[in-house]
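Peer 1: My questions all concern the structure below.
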Amino acid sequence: MEELFDSLKNWGCDVDGALARFIGDRELYRSCLHTAAGDQNFELLPEALRAGEMGRAFECAHTLKGMLANMGLIPLYDIVVRIVEPLRAGEPAELLPVCDELLAARDRLNTLLKEPA
């Protein structure tokens, strides 16, 4: 588990801050990392963007933003903010490439989570 936490920290994640929110329960935090990586909004967000459903896209992105912040997953959080804010402003530029970045970062998280503990 320490290797995972070290890898996350080296990537720029705020593991210590997240653990404080989890009252130091490292096993619970590790379990929630897996849940976070599998959040359905990662799939629903690009679907909504492709369908032009900007309200639904905002809901997905905003939900991810809060979850990623609470989990201390700063690299992913920084990307999703670049989706949330244009949607909030009603100025959705081309967001699918940013969404692709988010999914690539989620894939990196999944890779870290699969490494031996």
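Peer 1: Suppose R0 equals 25 Å. What FRET efficiency, 1/(1 + (r/R0)^6) with r the Cβ-Cβ distance, do Asn10 and Leu103 give to the nearest 0.05?
Peer 2: 0.75
Peer 1: Now for a different question. Which order do Glu85, Glu91 take when ranked by solvent-accessible area (1.4 Å probe, heavy atoms of all protein chains), largest first?
Peer 2: Sorted descending by solvent-accessible area, the residues read Glu91, Glu85.
Peer 1: Next question. With each label point set 7 Å from Cα along the Cα-Cβ vector, what nm distance links Glu2 and Val81?
Peer 2: 3.2 nm
Peer 1: How large, in percent, is the carbon and sulfur part of the accessible surface of the range 23-117 at a probe radius of 1.4 Å?
Peer 2: Details: 2640 of 4930 Å².
Using a 1.4 Å probe with all protein chains present, the range 23-117 comes out at 54 percent carbon and sulfur.
Peer 1: Averaging over every viewing direction, what projected area does the convex hull of the Cα atoms of the range 29-83 cover, in nm²?
Peer 2: Numbers: hull surface 13.5 nm².
Computed as one quarter of the Cα hull surface, the answer is 3.4 nm².
Peer 1: Semi-axes of the equivalent ellipsoid of the range 50-117: what are they in whole Å, largest first, if each equals the square root of 5 times a C-alpha gyration tensor eigenvalue?
Peer 2: Output for the range 50-117: semi-axes of 24, 12, 9 Å.
Peer 1: Right, next: What nm distance separates the two modelled labels at Gln40 and Glu59, each placed 7 Å from Cα along Cα→Cβ?
Peer 2: 1.1 nm
Peer 1: Still on this structure, I have one more. Would you kindly derive the ³J(HN,Hα) couplings of the range 84-97 from the backbone phi angles with the Karplus curve 6.51 cos²θ - 1.76 cosθ + 1.60 (θ = phi - 60°), listing them in order in whole Hz, with x for Gly and Pro?
Peer 2: 4, 5, x, 5, 4, 7, x, 10, x, 5, 6, 9, 4, x
Peer 1: Where nothing but the Cβ of Lys and Arg (+1) and of Asp and Glu (-1) is charged, how large is the charge dipole of the range 13-117 around its Cα centre, in debye to the nearest 20?
Peer 2: Numbers: 11 positive and 17 negative charges, 38 e Å.
For this selection, approximately 180 debye.
Peer 1: Shifting gears a bit: Go ahead and run the numbers for FRET between Leu96 and Ile23, Cβ-Cβ distance against an R0 of 35 Å, rounding to 0.05.
Peer 2: Details: r = 38 Å, r/R0 = 1.09.
E between Leu96 and Ile23, to the nearest 0.05, is 0.35.
Peer 1: Here are labelled values, (1) 56, 30, 18; (2) 59, 31, 25; (3) 42, 24, 21, and one is the computed Cα extents along the principal axes in Å for what I pasted. Which one?
Peer 2: (3)
The values are calculated or read from the model by the stated rules, or taken from the named source; none is laboratory data. Please read all numbers here as calculations on a predicted model, not as lab measurements. When we count neighbours, we look across all protein chains shown, and the Cβ atoms used for this are built from the backbone with ideal geometry, even at glycine. Accessible surface is based on the protein model in full, side chains and every heavy atom, while ligands, DNA and RNA are left aside. Shrake-Rupley method; radii C 1.70, N 1.55, O 1.52, S 1.80 Å.
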